[in-house]
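The values are calculated or read from the model by the stated rules, or taken from the named source; none is laboratory data. All figures in this text were calculated on a predicted structure; none of them were measured in a lab. Positions of Cβ are backbone-derived with ideal geometry, glycine not excepted, and every protein chain shown enters the neighbour counts. Just the protein is used for accessible areas: all its heavy atoms, side chains included, with ligands, DNA and RNA removed. Shrake-Rupley method; radii C 1.70, N 1.55, O 1.52, S 1.80 Å.
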Amino acid sequence: MKAKIIKAGISLVVLSLAGCKLIPENETAAERQEVLHERNYCLYKTPEASVEQNCDVVYWLNYWLDGDEMTWAQRKAEIALLSDSPQDLLRKVLLCQGKDTPYQDKLRSQSWALSLIKEFDGGMQDMLSVMIYHPSQVLLESESAVVTLSKINGGQSTRIEEQQALVDQQRQQIEEQRSQIEQLLKIEASIMDNAKGDPK
């Protein structure tokens, strides 16, 4: 009888502990679902009527992918047609993400992206920051470092060439001086020979 009561008590403790463990997990899952519903990937949480494609993330992703298939010349022509509205600035930023975009244009795109991150208040703000601004910043810093190293290497190559030219010039001067010394020695030897052969 005592053993049955102890087993029943242990079973109740185990069940209550297991039940306690399940409650926080369910609450955490509910919180995650709530966060997912909050993140709407809109440009603005409460947009004006004039804001086009505000919550259409598929539109913006397709625009980005379509731009990636274009050449830089085509994208540059498209950028020239766009205005300075936030939606057009986002289009410009997306068009500047191609591999063949020149450094200066990538740099200008970063400035546009930063202003949009500050302008937007919806979930697109985070997406723009994580998917475009930060990776582009890393690439620009790497490219800048490569350009700087190339300039340093170019400067060193120029200095080496200049030093080589100086060495060649000095070698030629030494050769000329050696030739002059040999001529002077021949003249001196000739004078000495004449002096020996000329009895006084």
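Within segment 24-55, being assigned to a helix (DSSP H, G or I) and either at pLDDT 85 or above or open to solvent by 70 Å² or more (accessible area, probe 1.4 Å) (or both) holds for Glu25, Asn26, Glu27, Glu31, Arg32, Gln33, Glu34, Val35, Leu36, His37, Glu38.
Considering only segment 65-105, state which residues are closer than 19 Å to Ser115 by Cα and of a type in the set (D, E, K, R). Of everything in segment 65-105, those that are closer than 19 Å to Ser115 by Cα and of a type in the set (D, E, K, R) turn out to be Asp84, Asp88, Arg91, Lys92, Asp105. Just name the residue that is surrounded by the fewest Cβ atoms within 10 Å (Cβ to Cβ) out of those in segment 68-121 that are among the aromatic types (Phe, Trp, Tyr) and in contact (Cβ under 8 Å) with a residue 24 or more places away in the chain. The selected residue is Tyr103.
State whether the residues of segment 117-139 include one that is modelled with pLDDT under 85 and more than 30 Å from Asp56 (Cβ to Cβ). No - not one qualifying residue is present in segment 117-139.
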